[in-house]
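Trainee: Attaching a single structure in structure tokens format; questions to follow.
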Amino acid sequence: MRAAAAWEGVVTELVAQRGEALLRYATLLCGSRDDAADLVQDALVRTFGRLRNGFSVESAEAYVRRAILNGHLDGGRRTTRWRRIAPLEYRPDEQDSPAGATEARLDLHEELRKLTPRERACLVLRYYDDLKVDDIAETLGISSGAVKRYLSDGLAKMAISLADDGTAEDRLTPRASHHVVSRKEASRGHRI
């Protein structure tokens, strides 16, 4: 118990006599009084974390100053390392809304439901399972030419339906020189 009282007395006396000097020293190192207070506190804990006997206030101050310096340098190394990898971890503050992707996915699923079962099966096997035409033909038990026809027909139907530049009728007929209002535009209140 006597040993604990000896080092506690040294810490108390050190903080009372040299606390402001240690804080100024740490402030000069890190530039912020708040960060300096944290550095001093950490240095005191590191220095007196284990029971240390035989310290005078002067020798304890030297250890604490060294611990402050080491703590500041360690923090600087961590910051420097972070600055090197931070650009790799960059994420913009504003992220695009996933609503558009969700709508596109729902539209895609709806259009897939409109296809014939063979067209849908061919498209899913080709673009989702990444099978080649011959593998699809073998899986479905049909000829390669039939698979190609189903793929072509299915893609054509979906391309017409998923295009966002007007109605299917507008896409299938030649464009007139005047502006044609699509159903989408008409529902939004656009006029000719």
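Trainee: Restricting to segment 135-153, give me the number of residues that are charged (D, E, K, R) and open to solvent by 80 Å² or more (accessible area, probe 1.4 Å). Talk me through it step by step, then tell me what you get.
Mentor: Residues of segment 135-153 charged (D, E, K, R): 135, 138, 148-149, 153.
From what's left, open to solvent by 80 Å² or more (accessible area, probe 1.4 Å): 138, 148-149.
Matching residues across segment 135-153 total 3.
Residues are listed down the side, and each one gets a yes or a no for (1) under 39 Å from the mean Cα position of the chain (by Cα); (2) in contact (Cβ under 8 Å) with a residue 40 or more places away in the chain; (3) open to solvent by 80 Å² or more (accessible area, probe 1.4 Å); (4) closer than 21 Å to Asp74 by Cα:
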| residue | (1), (2), (3), (4) |
| --- | --- |
| Ala16 | no, no, yes, no |
| Gly19 | no, no, no, no |
| Tyr25 | yes, yes, no, yes |
| Asp34 | yes, no, yes, yes |
| Gln41 | yes, no, yes, yes |
| Ala62 | no, no, no, yes |
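Trainee: Hey, can you tell me all the residues within segment 33-74 that are more than 16 Å from Glu13 (Cβ to Cβ), out of contact with any helix residue (DSSP H, G or I) (no Cβ under 9 Å at 6 or more places or on another chain) and small (Gly, Ala, Ser)?
Mentor: Passing the criteria: only Gly49.
Here's the yes/no breakdown for (1) β-branched (Val, Ile, Thr); (2) over 15 Å from Ser161 (Cα atoms); (3) open to solvent by less than 60 Å² (accessible area, probe 1.4 Å):
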position	(1), (2), (3)
Gly100	no, yes, yes
Glu103	no, no, no
Leu106	no, no, no
His109	no, no, no
Lys114	no, no, no
Arg118	no, yes, no
Leu125	no, yes, yes
Asp129	no, yes, no
Val133	yes, yes, yes
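The values are calculated or read from the model by the stated rules, or taken from the named source; none is laboratory data. Note that this is a predicted model, so its numbers are computed, not measured. No Cβ is skipped: glycine too gets one built from the backbone with ideal geometry, and neighbour counts run over all protein chains shown. Areas reflect the complete protein model, heavy atoms only, side chains present, ligands, DNA and RNA absent. Shrake-Rupley method; radii C 1.70, N 1.55, O 1.52, S 1.80 Å.
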